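Enquirer: Just passing along the structure, written as structure tokens.
The values are calculated or read from the model by the stated rules, or taken from the named source; none is laboratory data. Keep in mind the model is a prediction, meaning the values are calculated, not measured. A quick note on method: Cβ atoms are made from the backbone with ideal geometry, for glycine too, and the neighbour counts reach across all protein chains shown. The area values use the complete protein model at the heavy-atom level, side chains included, leaving out ligands, DNA and RNA. Shrake-Rupley method; radii C 1.70, N 1.55, O 1.52, S 1.80 Å.
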Amino acid sequence: MSSNPIIFSVDVEDWQQSTWDRNLPISKKSADNTLFLLDVLNEYKIKTTMFILGKFAKEFPNVVKEIHKNGHEIGCHGHGHEEIFHLNKNLFKSDVSKSKDCIEQIIGHSVLGYRAPDFSIVENTTWALEVLIELGFEYDSSIFPIYHGRYGIPYWPSFINSIIINNDKSIIEFPLSTGKIGKYNLPIAGGGYFRLFPRKVFFYFLEKTLKKQPFIFYMHP
């Protein structure tokens, strides 16, 4: 049996605000769903990394404290769920700083990990990694090594790797897991893909991945 782990991650946000309309308030339903998810995870003794949206943290700080109290690692998901390719460096830095500071004040600990909204570190926004280093992040999990109309870097390595910026500083990248069919990477890491792909297909690639490296899974509450 493989000793490689499944790295279970959760993007804590409100679907309506993050996908439908960025100007909508964060709904109580997103908080209730997150608390329900915590109960399920506790029942099965599963620990996760939860990438929390700054707007969610500001609206529901007690839920963030509950996540932390239950022993889950807390990462940053930006503040308003704006994709990086819609921002410049200054706006991106401001957005992430606002979220990171808010979460750190709530839990009283440093936030070391980041995941971009909609996996929006793409080929022309890899400059974001340098900004993340400047802000004190030690790792990122934003790059999806797939071809997609909106996100993804299809040629990106599918394994966890350290990225050196300007021959000086580095950040560790945890790319979302994929399954290979011919020369194409299949997005089997979770989210909507987990609902769309047949169970047998998902478990085939899960087991295949775990033979050689960790499997990075993501979901939303």
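Enquirer: Residues of the stretch 141-179 being closer than 22 Å to Val10 by Cβ and touching a helix residue (DSSP H, G or I) at 6+ places or on another chain (Cβ under 6 Å), which ones?
Expert: Ser142, Phe144, Tyr151, Ile171, Ser177, Gly179
Enquirer: Could you say whether any residue in the stretch 194-204 is within 18 Å of Met219 (Cα to Cα), surrounded by fewer than 17 Cβ atoms within 10 Å (Cβ to Cβ) and among the β-branched types (Val, Ile, Thr)?
Expert: Looking for residues that are within 18 Å of Met219 (Cα to Cα), surrounded by fewer than 17 Cβ atoms within 10 Å (Cβ to Cβ) and among the β-branched types (Val, Ile, Thr), one finds at least one in the stretch 194-204, hence yes.
Table: residues versus (1) more than 18 Å from Glu138 (Cα to Cα); (2) touching a Cys at 6+ places or on another chain (Cβ under 8 Å); (3) aromatic (Phe, Trp, Tyr).
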position: Ile6; (1), (2), (3): yes, no, no
position: Trp15; (1), (2), (3): yes, no, yes
position: Ser18; (1), (2), (3): yes, no, no
position: Leu41; (1), (2), (3): yes, no, no
position: Asn62; (1), (2), (3): yes, no, no
position: Lys65; (1), (2), (3): yes, no, no
position: His77; (1), (2), (3): no, no, no
position: Glu83; (1), (2), (3): yes, no, no
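Enquirer: List pairs: first in the stretch 131-157 and at positive phi, second among the aliphatic types (A, V, I, L, M) and assigned to a loop (DSSP other than H, G, I, E, B), Cβ under 6 Å, 6+ apart or cross-chain?
Expert: Gly152/Ile146
Enquirer: Out of the residues in the stretch 117-164 that are assigned to a strand (DSSP E or B) and closer than 26 Å to Lys55 by Cβ, state the one that is least open to solvent (accessible area, probe 1.4 Å).
Expert: If we take residues in the stretch 117-164 being assigned to a strand (DSSP E or B) and closer than 26 Å to Lys55 by Cβ, then Asp140 is least open to solvent (accessible area, probe 1.4 Å).
Enquirer: How many residues, within the stretch 165-182, are part of a strand (DSSP E or B), surrounded by 12 or more Cβ atoms within 10 Å (Cβ to Cβ) and not hydroxyl-bearing (Ser, Thr, Tyr)?
Expert: 7
Enquirer: Next question, about the same structure. Given the criteria over 14 Å from the mean Cα position of the chain (by Cα), crowded, with 17+ Cβ neighbours inside 10 Å and over 18 Å from Glu13 (Cβ atoms), does Asn185 qualify? Working first, answer last.
Expert: Values: over 14 Å from the mean Cα position of the chain (by Cα): yes; crowded, with 17+ Cβ neighbours inside 10 Å: yes; over 18 Å from Glu13 (Cβ atoms): yes.
Spelling it out, Asn185 is indeed over 14 Å from the mean Cα position of the chain (by Cα), crowded, with 17+ Cβ neighbours inside 10 Å and over 18 Å from Glu13 (Cβ atoms).
Enquirer: Moving on. Sort out which residues of the stretch 75-96 are assigned to a helix (DSSP H, G or I), surrounded by 18 or more Cβ atoms within 10 Å (Cβ to Cβ) and among the hydrophobic types (A, V, I, L, M, F, W, C), and write them in order of number.
Expert: Ile84, Phe92, Val96
Enquirer: So, Ser99, is that one polar (S, T, N, Q), crowded, with 21+ Cβ neighbours inside 10 Å and assigned to a helix (DSSP H, G or I) or not?
Expert: Yes.
Enquirer: Name the residue that is surrounded by the most Cβ atoms within 10 Å (Cβ to Cβ), counting only residues in the stretch 1-43 that are in a loop (DSSP other than H, G, I, E, B) and under 18 Å from the mean Cα position of the chain (by Cα).
Expert: Step by step, filter the stretch 1-43, then rank; the result is Asp14.
Enquirer: Follow-up. Those residues that are hydroxyl-bearing (Ser, Thr, Tyr) and surrounded by fewer than 11 Cβ atoms within 10 Å (Cβ to Cβ), I need them from the stretch 205-216; list them, please.
Expert: Passing the criteria: none in range.
Enquirer: Are any residues in the stretch 44-59 in contact with a helix residue (DSSP H, G or I) (Cβ under 6 Å, 6 or more places away or on another chain) and open to solvent by 40 Å² or more (accessible area, probe 1.4 Å), and if so, which ones?
Expert: Matches in the stretch 44-59: Lys58 only.
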